[in-house]
1. For residue 65, work out the one condition from (1) touching a strand residue (DSSP E or B) at 6+ places or on another chain (Cβ under 6 Å); (2) at pLDDT 90 or above; (3) surrounded by fewer than 16 Cβ atoms within 10 Å (Cβ to Cβ) it doesn't fulfil.
2. If I filter the range 68-78 down to residues being touching a residue at least 40 places away in the same chain (Cβ under 8 Å) and surrounded by 16 or more Cβ atoms within 10 Å (Cβ to Cβ), which single residue comes out as farthest from the chain's Cα centre (by Cα)?
3. Looking only at the range 71-80, decide whether some residue is more than 19 Å from residue 117 (Cα to Cα) and modelled with pLDDT of 90 or more.
4. So residue 83 clears everything in (1) under 13 Å from the mean Cα position of the chain (by Cα); (2) at pLDDT below 90 except one condition, right? Which one?
5. Return the only residue of 160, 90, 183 being out of contact with any strand residue (DSSP E or B) (no Cβ under 8 Å at 6 or more places or on another chain), surrounded by 11 or more Cβ atoms within 10 Å (Cβ to Cβ), at pLDDT below 90 and over 16 Å from residue 48 (Cα atoms).
6. Just name the residue that is farthest from residue 122 (Cα to Cα) out of those in the range 41-53 that are out of contact with any strand residue (DSSP E or B) (no Cβ under 6 Å at 6 or more places or on another chain) and crowded, with 17+ Cβ neighbours inside 10 Å.
């Protein structure tokens, strides 16, 4: 992206993203992470930062005679562009850059208007090797980034998976209150 848009894009995006509001194990699959991110969309948008507007999940794009689905699609109001997020529940692989580039081209062709800036792509993965990511993105002319996410900083993985979720605690409290009220 040309300046000043590229400067604003760099300021608007971060690495890593902290998803500590999710109650998941480190080895959770992509669908579970996506489900919880959209269930907790307010917290997710706050973590992404100012200017992100949620468009949809598993956003369908028809290319040729096939359907393709973008994990998460946003519009950034300050950058005036779409933001495609590909969520990966594992370490970054170079082939993710090619798929994301395909999605960016399709969004630019099918959704972007003349008033919009080029679509930005983000691969959100558990881990990345910076050199691999740099090589994978070097030949791509579109604005693409690779960022890591962390499910929690506060609670170690081996303990977090054993803790009850908020929903489980609420259910237990509700059943306790219900049984206490029946006794009275």
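The values are calculated or read from the model by the stated rules, or taken from the named source; none is laboratory data. As the structure is a prediction and not an experimental result, all values here were calculated from the model. Positions of Cβ are generated from backbone atoms using ideal geometry, with glycine treated the same way; all protein chains shown enter the neighbour counts.
1. The failed condition is (1).
2. In this case the residue turns out to be 76.
3. Yes.
4. Single failed check for residue 83: (2).
5. Going through 160, 90, 183 in turn, the sole match is 160.
6. Looking at the filtered set, the residue picked out is 44.
Let's see how each residue does on (1) within 25 Å of residue 27 (Cβ to Cβ); (2) touching a residue at least 40 places away in the same chain (Cβ under 8 Å):
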residue	(1), (2)
83	no, no
108	no, no
116	no, no
131	yes, no
137	no, yes
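To keep it simple, each residue is scored yes or no on (1) crowded, with 20+ Cβ neighbours inside 10 Å; (2) touching a strand residue (DSSP E or B) at 6+ places or on another chain (Cβ under 7 Å).
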| residue | (1), (2) |
| --- | --- |
| 80 | no, no |
| 83 | yes, yes |
| 100 | yes, yes |
| 119 | yes, yes |
| 125 | yes, yes |
| 129 | no, no |
| 145 | no, yes |
